[in-house]
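The values are calculated or read from the model by the stated rules, or taken from the named source; none is laboratory data. Given the structure is predicted, the values throughout are model-derived calculations rather than measurements. Glycine also receives a Cβ, built like all others from the backbone with ideal geometry; neighbour counts cover every protein chain displayed. Each accessible area value is taken on the protein alone, full model and side chains, heavy atoms only, with ligands, DNA and RNA left out. Shrake-Rupley method; radii C 1.70, N 1.55, O 1.52, S 1.80 Å.
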Amino acid sequence: MHISKLFIPILKNNPSEAKIKSHQLMLRVGMIKQSSAGIYSWLPLGFKVMKKIEKIVREEQNKIGVQEILMPTIQSSEIWKESGRFEDYGEEMLRIKDRQDREMLYGPTNEELVTDIFRSSIKSYKSLPQLLYHIQWKFRDEIRPRFGIMRCREFYMKDAYSFDISDEEAFFSYNKFFLSYLKTFKRLDLIAIPMAADTGPIGGNLSHEFVILAETGESKIFADKRIFDLNTNKTVLEKKSLEVMRQEYEKYYSVTDEKFNKEEFEKKVSNENRLVTKGIEVGHIFYFGDKYSKPMGASVDLPGGKKDFVKMGSYGIGVSRLVGAIIEAKYDEKNEVMKWPISIAPYDVSIIPMINKNENNLLDKANNIYTELKKNNIDTIIDDTDENLSSKIKKMNLIGAPYQIIIGKHTDGDLLEFKETGKDSYKLKLKDIIKLITEQKEKN
Ligand code: 5CA
């Protein structure tokens, strides 16, 4: 893409309303635009990154056999009255009336709707387990939306739901998601630690938040550092080994402040292993048994002829929040350099040609390199404006393609000035640049 044609409203300075670096960067490079309090439009750069995150989230869900559906954003209040949450959910739920005066709502989550879908078709234990997910906008009328898309009112979430015949089978489903989440966040180049958590309005008594470390995070966390050494390379989705894996994680103290207990922390974790910091919740999983299936009558026939309510869990990932969380983790604010992980970068590489009136041929050369890179499926952005080189580099450092090619005085013949964004440059031939970037992309 040529930057002169791209819809990318870049600001010279940090916008004053943004308090944390992800919000600053997202406004600065025009990834989002606020439309009203806590509600944002996603502009090309931001939308592209979010779609790439969504793709990875989707692939990992599909790998563990979750089936994708799409439920609407607007729901009827009837099913929420059945579960009892229509009253309980309180002011965070946006309630609306249609022209027939029917009570509707903009879904803050989908336990009721998915239970209704399930109960209308699944009648026998033979069809279990059922694992369903969708990726859809949610609305929560947060009292204090803040930090841009990190805590907003309308946000994009992946939410999955499991239906099982017994607690034992339901824990197996829970553990599948647990492992799948560790893998998903790893592919996004994040280290997310699972933490015992409160269940809030979703309910149940088993729950883990997945939290990435970031000074600007909203959750205070207390953990045993050794939890970072556990490995997530399990590929076999076998009941016993998944349970062992989760227990391994649970051996190490890791909780958010809601569950923090000073005495327990000091008893269980030796001084040198104690980690007290802040984090961002990027995912949350819940097991709540028959909390919804019982009041809503979602039962199946059992082998002996009896019936029982299905055991359910739900599993969320904040897809839009992840865009901000990754910036919090990766953006070097001091030097104003963002380097996106290649798996989700808006572009793989940026071409930064020095242009002055006497050296038009440099733009031709840059355009030829651009065409060659595109031919090799390398997503490239080129700055074809006539700004000076240093402001072009500044701009590309913010946009954050992980590699840069500078076409200027130091370009001699075949050898190009190439660098990893934020690092020192070195000389490399175009064919080797293509090889290097292609290899990096394939690894992800
Ligand atoms: N039904 C369950 C699981 S599917 C649920 O709604 N869980 S949740 O409330 O924890 O939300 C799931 C994820 O959505 C959170 O981990 C967080 O990453 C994201 N999220 C929640 N609220 C917001 C918000 N106001 N702004 C942005 N992302 C949010």
(message) Over the range 349-443, with the other protein chains present, what is the accessible area per residue in square angstrom, probe 1.4 angstrom?
(response) 52 Å²
(message) At a 10 angstrom cut-off on C-beta neighbours, averaged per residue, how do the peptides 142-148, 109-115 rank from highest to lowest?
(response) 109-115, 142-148
(request) Calculate the radius of gyration of the Cα atoms of the chain to one decimal place, then report Dmax, the largest Cα-Cα distance, as a whole number, both in Å. (result) 24.5, 87
(message) Counting just the Cα atoms, what span does the range 184-342 cover along each of its three principal axes? Round to the nearest Å and put the largest first.
(response) 67, 39, 33
(request) Once you've got the Cα coordinates, tell me which of Lys12/Lys33; Lys330/Lys395; Lys52/Lys423; Lys186/Lys419 are over 19 Å apart. (result) Lys52/Lys423; Lys186/Lys419
(message) Using only alpha-carbon positions, what ratio does the radius of gyration of the range 349-443 give when scaled by 2.2 N^0.38 Å?
(response) 0.99
(request) Let me know the charge dipole size of the chain about its Cα centre in debye, to the nearest 20, where only the beta-carbon of Lys, Arg (+1) and Asp, Glu (-1) is charged. (result) 740 debye
(request) State the Kirkwood hydrodynamic radius of the range 1-133 in Å, one decimal place, computed from all pairs of distinct Cα atoms. (result) 18.7 Å
(request) Show the residues, 5+ positions off or on another chain, whose built amide H is closer than 5 Å to the amide H of Leu94. (result) Tyr106, Asp141
(request) Hey, for a label at Asn376 modelled as a point 7 Å past Cα toward Cβ, could you say which residues of the range 324-356 have their backbone N under 15 Å away? (result) 348-351
(request) Collect residues whose amide H, placed 1.01 Å from N in the peptide plane, falls under 5 Å from the amide H of Arg151; neighbours closer than 5 in sequence don't count. (result) Arg146
(message) Within the range 349-443, what whole-number % of the accessible surface is contributed by carbon and sulfur, with the 1.4 Å probe and all protein chains included in the calculation?
(response) 46 percent
(message) Around Asn388, under 12 Å between beta carbons, what's the net of Lys plus Arg minus Asp minus Glu among the other residues?
(response) 0
(request) Would you compute, for the Cα atoms of the range 58-190, the largest minus smallest coordinate along each principal axis and list the three values in descending order, in whole Å? (result) 41, 41, 22
(request) Using θ = phi - 60° and the Karplus relation 6.51 cos²θ - 1.76 cosθ + 1.60, list the HN-Hα couplings for the range 211-224 in order, rounded to whole Hz, with x at every Gly or Pro. (result) 10, 9, 6, 6, 4, 8, x, 8, 9, 7, 10, 10, 9, 8
(message) Quick query: amide H of Ile32 versus all other amide H atoms, modeled in the peptide plane; which residues come in under 5 Å with a sequence gap of 5 or more or a different chain?
(response) Leu43
(request) Just round it to a whole percent: the fraction of Cα-Cα distances in the range 179-223 exceeding 17 Å. (result) 41 percent
(message) If you average the alpha carbon positions of the range 175-205 and of the range 249-279, how far apart do those two centres end up, in angstrom?
(response) 17 Å
(message) Spelling out what I want: for every residue of the range 162-171, take phi, set θ = phi - 60°, compute 6.51 cos²θ - 1.76 cosθ + 1.60 (Karplus), and round to whole Hz; glycine and proline get x.
(response) 10, 10, 9, 7, 8, 4, 4, 5, 5, 5
(request) Can you work out the PRE-style zone for Lys278? Point 7 Å along Cα to Cβ, and I want the residues of the range 192-209 with backbone N under 18 Å. (result) 193
